[in-house]
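Have a look at the structure below before the remarks.
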Amino acid sequence: MSTHASAAVISSSVAAARVEPYPDSKKPIGSIRFQPLPLSLSYCSKSVKVSSRICAVSKPNDAETLSSVDTSLSPRVKSLKPSKTMVITDLAATLVQSGVPVVRLAAGEPDFDTPKIVAEAGVNAIRDGFTRYSLNAGITELREAICRKLKEENGLSYAPDQILVSNGAKQSILQAVLAVCSPGDEVIIPAPYWVSYTEQARLADATPVIIPTKISDNFLLDPKVLESKLTEKSRLLILCSPSNPTGSVYPKSLLEEIARIIAKHPRLMVLSDEIYEHIIYAPATHTSFASLPNMYERTLTVNGFSKAFAMTGWRLGYLAGPKHIVAACSKLQGQVSSGASSISQKAGVAALGLGKAGGEIVAEMVKAYRERRDFLVKSFREMEGVKISEPQGAFYLFIDFSAYYGSQAEGFGLISDSSSLALYFLDKFQVAMVPGDAFGDDSCIRISYATSLDVLRVAVDKIRKALEPLRATVSV
């Protein structure tokens, strides 16, 4: 579809937008204007000079109907921020569909297909008629397989009634937060953080307490800073290792220091997000927080199948923890979604049957991710004014471009923060990345390298060219 074809429509969870072609066919097709949308693209720069525009899609309202019907939204929903990752990803996809050759580095989604043996297990479930509702907590076969995995790979002993299978790890995390947090409780979140942690805390009427980390410390939480932030209201500490968005991996010794601090606070629990557990680069190793001394009863471990097994579309995750908390989460799930897809659960059983850490199939994926990481780390280290922390896991680089803030881009305007810089990369050089302010650190931009080396080479070349004209206007 050409850029001058009919307008393409994108949607986020809270708003919709439309890409409209500029009426003058002589204008460059890659240039885009972002008009702020309610609860959606409000982070976009207002100063960009453009040749396309994004505007709100609205449905004509009947004034008489509106005067008699209250269609207002609840304060809880209105207070939520949309996921910038989803907004950027959807926008980039729409531009591609409209004929703009965007290099997409925003989505945290493996570029590999689901392993064939896993996909076949799902197909066989359909053919065998295994297509009805499953047990709310998950089929017994899968929960038993998860128990074996946790025992063999993580040194954790759980019974099937301590496991809750959900429609993705995101649902598992939300239900855990809702189950243990009360209004006024504090949820401790090291920054940079995954975009949904803060909003899920707010959904529970809890207060997110953000603890910044430093790129010089590889974005790892300082135990002394953690201890200084804990109060009687502290209820939940969220840790993600390997980390989204930084790729940092917590060494066991640091986790042990954190555990000793947590042990001093009777109300404080830990949610350990281990979704990237198998995407890790030696010599780094993964440690499950629940395996540390005295942390088993305090820890809610979340994991899933999306990242390691390239099963994002299957929507399958799980929670492991104390029986009464898992039961509470199951009660929530029973009123929200009920059990996960029976088909996906059969595929999950096959995935766990691939062998330790996903066997050779996952090892080959990790090998490819590492090769891409090494290429990007080398490339960005050669760029002036750019700071990086070499990731030890996951498939992200969280790059500090703040030396370029304050620069002026011809035909664009002032670059003042991560959002305006990300918009500049997208608008002028057609590279889609996620601004760091979405993750609680405005100095950086997140790049996902879950794409081919060829695509990454093109992206690096474009980013290098994008930075060249900026260098003349700032000191880097």
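In the range 237-248, what residues are buried (at least 24 other Cβ atoms within 10 Å of the Cβ) and aliphatic (A, V, I, L, M)? Of everything in the range 237-248, those that are buried (at least 24 other Cβ atoms within 10 Å of the Cβ) and aliphatic (A, V, I, L, M) turn out to be L237, I238. Only one of the numbered conditions (1) open to solvent by 10 Å² or more (accessible area, probe 1.4 Å); (2) under 21 Å from the mean Cα position of the chain (by Cα) is violated by R143, and that is (2).
Taken over the range 392-408, the criterion of being hydrophobic (A, V, I, L, M, F, W, C) and open to solvent by less than 10 Å² (accessible area, probe 1.4 Å) is satisfied by A394, F395, L397, F398, I399, F401. Cβ separations smaller than 7 Å between residues 6+ apart or across chains give the following pairs from the range 453-476 residues that are open to solvent by 70 Å² or more (accessible area, probe 1.4 Å) to residues that are in a helix (DSSP H, G or I): K465/F429. State whether the residues of the range 156-177 include one that is surrounded by fewer than 21 Cβ atoms within 10 Å (Cβ to Cβ) and within 22 Å of the chain's Cα centre (by Cα). Scanning the range 156-177 turns up at least one residue that is surrounded by fewer than 21 Cβ atoms within 10 Å (Cβ to Cβ) and within 22 Å of the chain's Cα centre (by Cα). Of the residues in the range 315-326, at least one is among the charged types (D, E, K, R), under 30 Å from V455 (Cα atoms) and assigned by the TED database to the domain that holds K170.
Scanning the range 340-382 for residues that are open to solvent by 20 Å² or more (accessible area, probe 1.4 Å), touching a residue at least 24 places away in the same chain (Cβ under 8 Å) and on the phi > 0 side of the Ramachandran plot yields a single hit, A357. One residue alone among E120, E109 is assigned to a helix (DSSP H, G or I) and within 25 Å of L316 (Cβ to Cβ), and that residue is E120.
As a summary of the residue check, G129 satisfies the conditions (1) at positive phi; (2) under 16 Å from the mean Cα position of the chain (by Cα) except for the one numbered (2). Residues that are farther than 30 Å from L236 by Cα and of a type in the set (A, V, I, L, M): find the helices (runs of 4 or more DSSP H) completely inside the range 303-419 holding 3 or more of those. Correct list: 342-352, 359-381.
Here the helices (runs of 4 or more DSSP H) wholly within the range 176-276 that include at least 1 residues being in contact (Cβ under 8 Å) with a residue 60 or more places away in the chain are 195-203.
The values are calculated or read from the model by the stated rules, or taken from the named source; none is laboratory data. As the structure is a computational prediction, the values presented were derived from the model and not from experiment. We place every Cβ from the backbone using ideal geometry, glycine too, and count neighbours over all the protein chains shown. Calculation scope for accessible area: heavy atoms of the full protein, side chains included, ligands and nucleic acids excluded. Shrake-Rupley method; radii C 1.70, N 1.55, O 1.52, S 1.80 Å.
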